[in-house]
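The values are calculated or read from the model by the stated rules, or taken from the named source; none is laboratory data. All of these numbers come straight from a predicted model, not from anything done at the bench. Cβ: placed from backbone, ideal geometry, glycine included. Neighbour counts: every protein chain shown.
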Amino acid sequence: MIGKVPAHWRIMALFFVHALAAGAIHTRIPDVQLQIGLSEAELGIVLMGQPLGALTMFLFSSRLIEAFGPRKIILWLLPLMTISAALVTVMLHPVAMFVLLAINGVGFSVTNIAINVEADRVEASTGLRVMNTCHGAWSIGFLLTSLLGAALRGLHVPPAIHLWALSPLLIALLLVVVLPMPSAAERAFSGKARRKLAWPTLATLGLVAFGLGAGLVEGASRAWSIILLRDSFDAPTWIESMALPALLATMAIGRLMADPIIERHGPVRVARLLTTLAIAGLVLVVFAPHYLFAIFGFALVGAGICVLYPLMLSAAARLGDRPASENVAATTLIVQMINLGAPALIGAVAEGLGVRMAFAILLPLLMLTWAMAGRLAPSTPQGELATATR
């Protein structure tokens with residue numbers, strides 16, 4: 001019976017497992033920071049390891065996925081991502097943490113593109129819009145692993161015990177989901193022959209301008225939301241840990257509800273409404289007088305950015321000027337190039353001006369997202385840059 005699970009349910013389960021594997025380390029970063037003795041600026045530099053590792057793979061990831069298929073890529077590299085995260089908790093040195101996060105970034109980047117490409121292929125072969133629901137399943141997985149981390153932090157369970165106990169369970173779950181999974185047929189494209197490297201085009205750059213703000217806000221919240229509550233308020237440890245789950249819970253709910261709403265009202269209108277909500281939430285985070293306001297602010301941010309990044313990836317996959325894997329890889333490449341410097345910048349601002357100001361510098365990027373939402377319009381010409389407004 002397990003092999004007869006419909007393709008769209010299996011790809012949703014795969015997103016869920018991917019999130020469980022990717023998210024476990026994030027709730028323990030504040031603990032590892034204290035164990036190693038890193039300042040905020042030093043932590044920001046060390047956190048650059050993950051986007052640096054990801055960046056090295058994005059140009060080649062499309063060729064790897066096309067050569068081996070999403071299924072094999074996931075089976076090989078998702079365990080690598082899980083084990084590298086666990087090693088961070090026992091190899092307590094800044095250089096070791098940087099290298100392990102880089103390896104983690106390699107596994108995350110290629111598997112992330114692989115599951116998004118497979119979701120797009122399922123959409124193309126079944127006629128169902130499932131991309132945002134898949135990302136909703138991802139958010140639920142990330143939420144659950146964050147809540148587990150929050151509970152274990154409250155119980156003072158060491159990060160090493162947490163991640164090493166979790167690793168074999170995640171690998172076993174991966175095998176159950178992926179081994180019976182057939183690969184969906186590749187989406188047709190009308191462009192020229194495949195390229196060796198997934199270079200960005202004007203169309204993908206326009207989509208990056210739309211999705212960048214949401215990606216950076218989500219990434220900053222994963223790494224720094226708990227630290228903001230820890231440094232700004234006198235709150236119990238378990239309360240500090242609830243900032244990230246608050247964001248992830250509203251992201252999950254929003255993504256699970258998004259597909260029929262987007263079908264009814266269109267991606268541009270939905271994106272602009274949600275971006276307005278994200279801006280309001282981030283302003284509340286920056287100026288929160290109490291930790292409850294900050295947690296509520298992160299919840300608003302999560303609701304606001306919930307489908308912005310998936311909409312960017314889905315629009316890239318649907319461009320049709322070349323294989324979907326190339327456009328998804330090229331779009332994600334530019335985001336990760338900017339992500340490479342983001343942790344150091346946020347860390348430097350956090351050390352010099354406080355973590356609140358580190359979040360404040362992300363507000364202009366969300367304003368850019370609002371302005372560039374017209375790139376999601378279905379009428380955007382393939383391979384060309386459409387007009388900025390609609």
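Could you tell me whether the range 57-72 includes any residue that is among the β-branched types (V, I, T) and either in contact with a Leu (Cβ under 7 Å, 6 or more places away or on another chain) or surrounded by fewer than 20 Cβ atoms within 10 Å (Cβ to Cβ) (or both)? So that I can check it myself, show each step before the final result.
Within the range 57-72, the subset among the β-branched types (V, I, T) is 65.
Right, trim to either in contact with a Leu (Cβ under 7 Å, 6 or more places away or on another chain) or surrounded by fewer than 20 Cβ atoms within 10 Å (Cβ to Cβ) (or both) and you get none.
Within the range 57-72, none of the residues are among the β-branched types (V, I, T) and either in contact with a Leu (Cβ under 7 Å, 6 or more places away or on another chain) or surrounded by fewer than 20 Cβ atoms within 10 Å (Cβ to Cβ) (or both).
Determine which member of the set L78, L101 is crowded, with 22+ Cβ neighbours inside 10 Å and within 26 Å of T237 (Cα to Cα).
On the way: L78 fails: within 26 Å of T237 (Cα to Cα).
Every option except L101 fails the conditions.
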Over the range 152-180, the set of residues closer than 28 Å to Q33 by Cβ, without any contact (Cβ under 8 Å) to a residue 12 or more places away in the chain and small (G, A, S) is A165
Given (1) buried (at least 24 other Cβ atoms within 10 Å of the Cβ); (2) closer than 18 Å to E123 by Cβ; (3) modelled with pLDDT of 75 or more, S325 misses just (3)
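Mind counting the residues in the range 62-114 that are touching an Asp or Glu at 6+ places or on another chain (Cβ under 7 Å) and of a type in the set (S, T, N, Q)?
Filtering the range 62-114 down to residues touching an Asp or Glu at 6+ places or on another chain (Cβ under 7 Å) leaves 62, 70, 94.
Narrowing the set further to residues that are of a type in the set (S, T, N, Q) leaves 62.
Looking only at that region, the number is 1.
Would it be correct to say that T89 is among the β-branched types (V, I, T) and either touching a strand residue (DSSP E or B) at 6+ places or on another chain (Cβ under 6 Å) or more than 29 Å from I65 (Cα to Cα) (or both)? I'd like the intermediate steps shown before the answer.
Working: among the β-branched types (V, I, T): yes; either touching a strand residue (DSSP E or B) at 6+ places or on another chain (Cβ under 6 Å) or more than 29 Å from I65 (Cα to Cα) (or both): yes.
When the stated conditions are applied, T89 passes them.
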Per the filter on the range 202-218, residues buried (at least 24 other Cβ atoms within 10 Å of the Cβ) and of a type in the set (V, I, T) are T204, V217
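So for the range 304-317 (the condition being over 27 Å from I65 (Cα atoms), crowded, with 20+ Cβ neighbours inside 10 Å and among the aromatic types (F, W, Y)), does at least one residue qualify? Before you say what the answer is, go through the steps one by one.
Filtering the range 304-317 for residues over 27 Å from I65 (Cα atoms) gives 304-305.
Going one step further and asking which of them are crowded, with 20+ Cβ neighbours inside 10 Å, we end up with 304-305.
Retained after the next criterion (residues that are among the aromatic types (F, W, Y)): none.
Taking every residue of the range 304-317 in turn, none turns out to be over 27 Å from I65 (Cα atoms), crowded, with 20+ Cβ neighbours inside 10 Å and among the aromatic types (F, W, Y).
State which residue is farthest from Q50 (Cα to Cα) when the search covers only the range 338-373 and only residues that are outside any helix (DSSP H, G or I) and among the aliphatic types (A, V, I, L, M).
Taking the range 338-373 as the starting set, the residues that turn out to be outside any helix (DSSP H, G or I) are 354, 361-362, 372.
From what's left, among the aliphatic types (A, V, I, L, M): 361-362, 372.
Working: I361: 21, L362: 20, M372: 27 Å.
It comes out as M372.
Sort through L170, L155, L144 and tell me the only one that's within 17 Å of the chain's Cα centre (by Cα) and at negative phi. Spell out the reasoning first.
Values: L170 fails: within 17 Å of the chain's Cα centre (by Cα); L155 fails: within 17 Å of the chain's Cα centre (by Cα).
The unique qualifying residue is L144.
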